[in-house]
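Notes follow the structure.
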Amino acid sequence: MHRSSTRVAVVGSAQTQLRDAWRDRQHVDLISMAVTNALKGTGLTMRDVDFVIDSGSDILDGRSISNCGFLGAMGAHHKEESRVEEDGLWSALYGVTKIASGAAEVGLIIAYSKPSEGDLDAFYATQCEPFYLRPVGFDHLAASGIQAQQYLARSEADEALLAKIVERSWARAAQNPGVQVDEVPGVDDVLASEVVAAPLRRLQISRPVDGAVAIVLASRAVAEKIASDPVWITGMGAAMDEHAVPSRELASLPACEAAARSAYGRAGIDDPLTCSLVETSAGTAVGELMVLEALGLAEAGRAGALYDDGAPIAVNPSGGSLPADPVMATGLVRLSDAALQLTGRADFGPDGATSAIVHGTGGVGMQSHCVFTLEV
């Protein structure tokens, strides 16, 4: 991909602040804010955008074909518009492929979520296998708890490490103006929080938040004209595991491994630890460890070492998904955060970063995975 004459770059991005609830804003307001700010400074207007691809959930929005009500806010009137009912990183994959094929020059990728207005447990329950699991009340919390049990039994991780990961994630999110953080939970707070899916405690599970994010993608011909520091997308990969949770290998994430292999192969990356940073999406602290291992950044059961001082790669400098999980937009937020760090425009992240790995996930028990690699 990166050797093609139709290389694709991120030339603009913006997001609303990720909050527990945006009570004074509707979906259209959040989307409009993200889109307007993503175009600022690019020299592009909506007239230059060839297509719009958006990610959201009809179930969370509470109505069918809900994106039709947001076309104006997305700037999609009289344009080619597509809906991807999956995390926004899959919309970005669709958009990059479209531009790389030569079918377009500029694309706008949008993802949004307002879980504060819905029932997140019911949302995930609709994704469960309908004949054996859904009738007994199986949901994402049960799947996450079983995954955690399986992983912890085979790894060096313990509850103290999980608490450390949570505290670290929230502390980093507090330095990220894109995330609302009123108080950073300490290790003792994490260990004192209630058990909701044994062995997982409440604070070891990601916090659902409201928000929207927009990314502007451009072909090489456009990016080199308008951007002094385009962030090039060098590799992509996506894979899906079995639908029924009992049919999966629950102590690891083989679909994430497959997606990473595809992305690294396209980017020509032999050792992912040579990248400057990684931004992951995961619904739990254990899930974050599993993702890091599936991305090839640590041996099985030993991802905890990546949180030590002097680790070879910066893990979730933005704070990641534990303090802020906008559900359908989490992966695209990771892409936005990574791009900002690579251009030096973020208030967080390692100095002089030149490459990044971005991960998105979806489904009950992290069934599906999408991986991007970036460079400047």
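Nothing in this text is a laboratory measurement; each read-out follows from the coordinates by a stated rule. Since we're looking at a predicted model, the values are computed, not measured. Note that we place each Cβ from the backbone using ideal geometry, even for glycine, and neighbour counts take in every protein chain shown.
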To check you understand DSSP bridge types, tell me what percent of the beta bridges within the chain (both residues inside) are antiparallel, rounded to 5. 70
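Taking the Cα centre of the chain as origin, work out the dipole magnitude from +1 charges on Lys and Arg Cβ and -1 charges on Asp and Glu Cβ, in debye rounded to 20. Could you put the intermediate results ahead of the total?
Values: 28 positive and 48 negative charges, 194 e Å.
So the magnitude is around 940 debye.
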FRET efficiency for Ser64 and Gln175, using Cβ-Cβ distance with R0 set to 41 Å, rounded to 0.05: 0.55
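Based on Cβ point charges of +1 for Lys and Arg and -1 for Asp and Glu, what charge dipole magnitude is obtained for the stretch 122-248 about its Cα centre, in debye rounded to the nearest 20?
Details: 11 positive and 16 negative charges, 72 e Å.
Dipole of the stretch 122-248, to the nearest 20 debye: 340 debye.
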Quick one: grab the alpha carbon gyration tensor of the stretch 308-369, order the square roots of its eigenvalues as a ≥ b ≥ c, and give me rounded if a/c is under 1.5, else prolate or oblate depending on whether a/b is larger than b/c. prolate
Surrounding charge for Glu249, neighbours by C-beta under 10 angstrom, Lys/Arg +1, Asp/Glu -1, total -1
Tell me which GluC sites (Glu not before Pro) from the stretch 271-376 have a DSSP coil assignment and no more than 15 other beta carbons within 10 Å of their own. Glu299
Largest fluctuation, Met236, Met366, Met33 only, Gaussian network model of the chain with Cα springs under 10 angstrom, belongs to Met33
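Could you tally the net charge around Tyr151, taking each other residue with its Cβ under 13 Å from the Cβ of Tyr151, Lys/Arg +1 and Asp/Glu -1?
Values: positive: Arg154, Arg248, Arg302; negative: Glu156, Asp158, Glu159, Glu249, Glu288, Glu293.
Charge balance in the 13 Å sphere: -3.
What is the extension gain from Ala244 to Ala192, computed as 0.36 nm multiplied by their sequence separation minus the C-alpha to C-alpha distance, in nm to one decimal? Walk me through the numbers on the way to the answer.
Working: separation 52, 0.36 × 52 = 18.72 nm, distance 3.25 nm.
Contour length minus the Cα-Cα distance gives 15.5 nm.
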When the helices in the chain are scored as -39500 (n - 2.57) per DSSP H run of 4 or longer and the sum is shared across all residues, what 222 nm value do you end up with, to the nearest 500 deg cm²/dmol? -9500 deg cm²/dmol
What trypsin sites (Lys or Arg not before Pro) in the stretch 297-376 are in a loop by DSSP, with at most 16 other Cβ atoms within 10 Å of the Cβ? Arg302, Arg345
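With 10 angstrom as the radius, rank Thr343, Thr330 by how many other C-beta atoms surround their C-beta, starting from the fewest.
Working: Thr343 18, Thr330 32.
Ordered by Cβ neighbours within 10 Å, fewest first: Thr343, Thr330.
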Specify the residue with the greatest mean-square fluctuation among His140, His27, His77, computed from a Gaussian network of the chain linking alpha-carbon atoms under 10 Å apart. His77
Using a Gaussian network for the chain with springs between C-alpha atoms less than 10 Å apart, which of these wobbles most: Asp20, Asp347, Asp271? Asp271
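Taking R0 as 25 Å, what's the FRET efficiency between Lys225 and Ser82 from their Cβ-Cβ distance, rounded to 0.05? Before the final figure, lay out each step's value.
Numbers: r = 26 Å, r/R0 = 1.03.
Efficiency at R0 = 25 Å is approximately 0.45.
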Using +1 at the Cβ of each Lys and Arg and -1 at the Cβ of each Asp and Glu in the chain, identify which of Ile313, Gly75, Ala125 lies farthest towards the dipole's positive end. Gly75
Candidate values [x] 46; [y] 68; [z] 65, label of the one derived for percent of Cα pairs over 26 Å apart: [x]
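According to the square roots a ≥ b ≥ c of the eigenvalues of the Cα gyration tensor, what is the shape class of the stretch 90-246, taking rounded for a/c under 1.5, prolate for a/b larger than b/c otherwise, and oblate for the remainder? The partial results should precede the final answer.
Values: a/c = 2.16, a/b = 1.53, b/c = 1.41.
Cα axes put the stretch 90-246 in the prolate bin.
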Looks like the stretch 157-269, by Cα gyration tensor root eigenvalues a ≥ b ≥ c and the a/c under 1.5 rounded cutoff (else prolate when a/b is bigger than b/c, oblate otherwise), is oblate
Those lysines that a straight Cα-Cα span of less than 22 Å connects to Lys225, excepting residues fewer than 8 apart in one chain: Lys40, Lys98
Once the other residues with Cβ under 12 Å from the Cβ of Leu277 are scored (Lys, Arg +1; Asp, Glu -1), what is the net sum? -2
Which stretch or stretches of the stretch 255-285 have amide N atoms under 11 Å from the point lying 7 Å from Val184's Cα along the Cα→Cβ direction? none
